[in-house]
Amino acid sequence: MLKLYGQAPTRVLRVHWLLNALGLEYEEVPVNFFEGEHQKPEFLRLNPAGKVPVLVDGDTVLTESSAIQLYLAEKFPQAGLIPQSLAERGQMYQWIFFLVSEIEQPLWRIARNTSQLYPEHEHQPLDVQIATRECRAMLAVLEKHMEGREYLVGERVSVADMNAAYTLDWAGEAKMLDDAPHLRAFLQRMYARPEAPVTIAEAFAALES
Ligand SMILES: N[C@@H](CCC(=O)N[C@@H](CS)C(=O)NCC(=O)O)C(=O)O
């Protein structure tokens, strides 16, 4: 059986989209950051970066949430989550890389400079300003792309949408979607889908209850 290390509200949620859509059974292995489990030798043997998610599928060990999404979609091609034409596949990769490098990256810079994830003396307020500006500019590019579209690529849902749903949920949590009605509508459509996992806010609320 598949083993997935990590739990909501981490980037494990990206993988939940695929596992749910494909109807796959898996064992979830929680990794407790507060107890330093991600830095224990047995975990570092799986992912030397000390981060979740990690997917173990038999002898295959995969890290990087977006790579795991693509791996699962490719392993079960009958679900049609990878576009068939090369042109659309190229666009799917384009948007996934865009989401991870141009949108998630500044979101992460904002998070680490404003939360208790990093000690306060390491916070860099100027970088929050720069990352906010950069993130908004890149969100505007995606907002324009989504005018009149239901999906990021082509006419049916693909891994790009499942990657975007998690990333834009994070952007919404960071109050970055006020000027992006098409992205807000996209998020609503995605989270109304049967395979939608919990949102980041729901996962945090569950932790506190
Ligand atoms: N690029 C990686 C990032 C993974 C990542 O940063 N995961 C966080 C949780 S969302 C983590 O495990 N952080 C632990 C740490 O940085 O020490 C991915 O997309 O999987």
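Brief remarks follow.
- Residue match in segment 61-78 (condition: within 16 Å of the ligand (Cβ to nearest atom), touching a His at 6+ places or on another chain (Cβ under 8 Å) and touching a residue at least 24 places away in the same chain (Cβ under 8 Å)): no
- Residues being touching a Leu at 6+ places or on another chain (Cβ under 8 Å) and either farther than 25 Å from Val153 by Cα or more than 16 Å from the ligand (Cβ to nearest atom) (or both) - total across segment 79-113: 6
- Pairs, first free of Cβ contacts under 8 Å to residues at least 40 places away in the same chain in segment 170-186, second of a type outside the set (D, E, K, R), C-beta under 6 Å, six or more apart: Glu173/Ile200; Leu177/Ala171; Leu177/Leu183; His182/Met146; Arg184/Leu177
- Pairing residues of segment 130-157 that are in a loop (DSSP other than H, G, I, E, B) with residues that are of a type in the set (Asp, Glu), at Cβ distances under 7 Å and at least 6 apart in sequence or on separate chains, gives Tyr151/Asp161; Leu152/Asp161; Val153/Glu88; Gly154/Glu88.
- The set of residues in segment 9-37 that are more than 10 Å from the ligand (Cβ to nearest atom) and within 21 Å of Thr167 (Cβ to Cβ) comprises His16, Trp17, Leu18, Leu19, Asn20, Ala21, Leu22.
- Some residue of segment 197-208 being at pLDDT 95 or above and within 21 Å of Tyr93 (Cα to Cα): no
The values are calculated or read from the model by the stated rules, or taken from the named source; none is laboratory data. For clarity, every value in this text was computed on a predicted model and none was experimentally measured. Because the Cβ atoms are built from the backbone with ideal geometry, glycine has one as well, and the counts that use them run over all protein chains shown.
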